[in-house]
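Enquirer: Supplied in structure tokens, the structure appears directly below.
The values are calculated or read from the model by the stated rules, or taken from the named source; none is laboratory data. All values reported here derive from a predicted model rather than from experimental measurement. In this analysis, Cβ positions are derived from the backbone assuming ideal geometry, glycine residues included, and neighbour counts consider all displayed protein chains. Accessible surface is based on the protein model in full, side chains and every heavy atom, while ligands, DNA and RNA are left aside. Shrake-Rupley method; radii C 1.70, N 1.55, O 1.52, S 1.80 Å.
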Amino acid sequence: MARGRGRQLTQPQAIAPEQDIEKARRVLGHRNLVFVGLMGAGKSAIGRLVAQMLGIPFVDSDHEIERVSRMTIPELFEAYGEPEFRALEARVIKRLLKTGPRVLSTGGGAFMNDTTRAMVLANGLSVWLKADLEVLWTRVSKRDSRPLLKTANPKQTLSDLLDQRYPVYAKADVTVQSRDDDKDIIAAETVMALARLDSRQETVSDQ
Ligand SMILES: Nc1ncnc2c1ncn2[C@@H]1O[C@H](COP(=O)(O)OP(=O)(O)OP(=O)(O)O)[C@@H](O)[C@H]1O
Ligand SMILES: O=C(O)C1=C[C@@H](O)[C@@H](O)[C@H](O)C1
Ligand SMILES: [Mg+2]
């Protein structure tokens, strides 16, 4: 009993308040909650948890691309190159955005594509999971499944991508800091950030 209380006291943010979950669902409506951000930011891991918290389905565009093409992402890059991959990614995301509500975690480059970004901004609610280079590097260096990081100096490549992409990811509707805290905490913070959008709408319509 005492142990249970202790856990609650040390991790209070890991559970979003029920009224915030309700507000977040209301804000989302029938749209997709679209996670964007660099490789390793946690779009897939946190997106899945947020979907569980909101009680809505989860889909990952990288997995969906692999499912429809019956190829892995490294194989697609190898066989067709990045432009073809981006075109396929845009088609898959366009289709996924038609069904909601759900959580859609995208591949790291999806929101950089003008067509995909315009579709996401028009039809979804976007969340940028923002993380520091060191956090990202610790995570992505554990696996070598990212074709864009198959370079002579992958950490420098990741740093360059961060410089290029962060101004564009910043166009997302909401930004949440991803860091080495418990994944449930980051997921709960996302839900609470969505709930705050609902309060803003109420404030505006009340005036
Ligand atoms: N808050 C966290 N604490 C610890 N590990 C985390 C956290 N968030 C994510 N991770 C881990 O980091 C790794 C990368 O996360 P994930 O695959 O979700 O990133 P991603 O943004 O989907 O990357 P990609 O663009 O390559 O698909 C995974 O092993 C995941 O479990
Ligand atoms: O950041 C990127 O451009 C990518 C991230 C991954 O999720 C994959 O979509 C692919 O490896 C490209
Ligand atoms: Mg992912």
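Enquirer: Tell me, please, whether a residue that is open to solvent by 70 Å² or more (accessible area, probe 1.4 Å), at pLDDT 95 or above and within 26 Å of L121 (Cα to Cα) can be found in the stretch 36-43. I'd like the intermediate steps shown before the answer.
Expert: The initial filter retains those residues of the stretch 36-43 that are open to solvent by 70 Å² or more (accessible area, probe 1.4 Å), namely none.
Scanning the stretch 36-43 turns up no residue that is open to solvent by 70 Å² or more (accessible area, probe 1.4 Å), at pLDDT 95 or above and within 26 Å of L121 (Cα to Cα).
Enquirer: Let me ask something else. Sort out which residues of the stretch 80-117 are hydrophobic (A, V, I, L, M, F, W, C) and open to solvent by 60 Å² or more (accessible area, probe 1.4 Å), and write them in order of number. Spell out how you get there, then give the answer.
Expert: In the first step, residues of the stretch 80-117 are kept if they are hydrophobic (A, V, I, L, M, F, W, C); the result is 85, 87-88, 90, 92-93, 96-97, 103-104, 110-112.
Within the stretch 80-117, none qualify.
Enquirer: Among the residues of the stretch 133-146, is any of a type outside the set (F, W, Y), away from ligand 1 (no atom under 12 Å from the Cβ) and modelled with pLDDT of 95 or more?
Expert: Just the residues of the stretch 133-146 that are of a type outside the set (F, W, Y), to begin with: 133-136, 138-146.
If we keep only those that are away from ligand 1 (no atom under 12 Å from the Cβ) too, we end up with 133-134.
Next, only the ones that are modelled with pLDDT of 95 or more stay: 133-134.
Within the stretch 133-146 (the criterion being of a type outside the set (F, W, Y), away from ligand 1 (no atom under 12 Å from the Cβ) and modelled with pLDDT of 95 or more), the answer is yes, since at least one residue qualifies.
Enquirer: Give the residues of the stretch 137-157 that are in a helix (DSSP H, G or I) and within 19 Å of D62 (Cα to Cα), sorted by residue number.
Expert: R139, V140, P147, L148, L149, listed by residue number.
Enquirer: Test L133 against the stated conditions and say whether it is closer than 15 Å to V34 by Cα and among the hydrophobic types (A, V, I, L, M, F, W, C).
Expert: No; evaluated as a whole, the condition is false for this residue.
Enquirer: Could you count how many residues in the stretch 112-130 are within 11 Å of the chain's Cα centre (by Cα) and either closer than 11 Å to Y169 by Cα or of a type in the set (D, E) (or both)?
Expert: 5
Enquirer: It is to be established whether one or more residues within the stretch 20-27 are buried (at least 19 other Cβ atoms within 10 Å of the Cβ), out of contact with any Asp or Glu (no Cβ under 9 Å at 6 or more places or on another chain), among the β-branched types (V, I, T) and in contact (Cβ under 8 Å) with a residue 24 or more places away in the chain.
Expert: yes
Enquirer: Of all residues in the stretch 99-117, which are touching a strand residue (DSSP E or B) at 6+ places or on another chain (Cβ under 9 Å) and either away from ligand 1 (no atom under 16 Å from the Cβ) or of a type in the set (K, R) (or both)?
Expert: Listed by number, the residues that qualify are T99, G100, P101, R102, R117.
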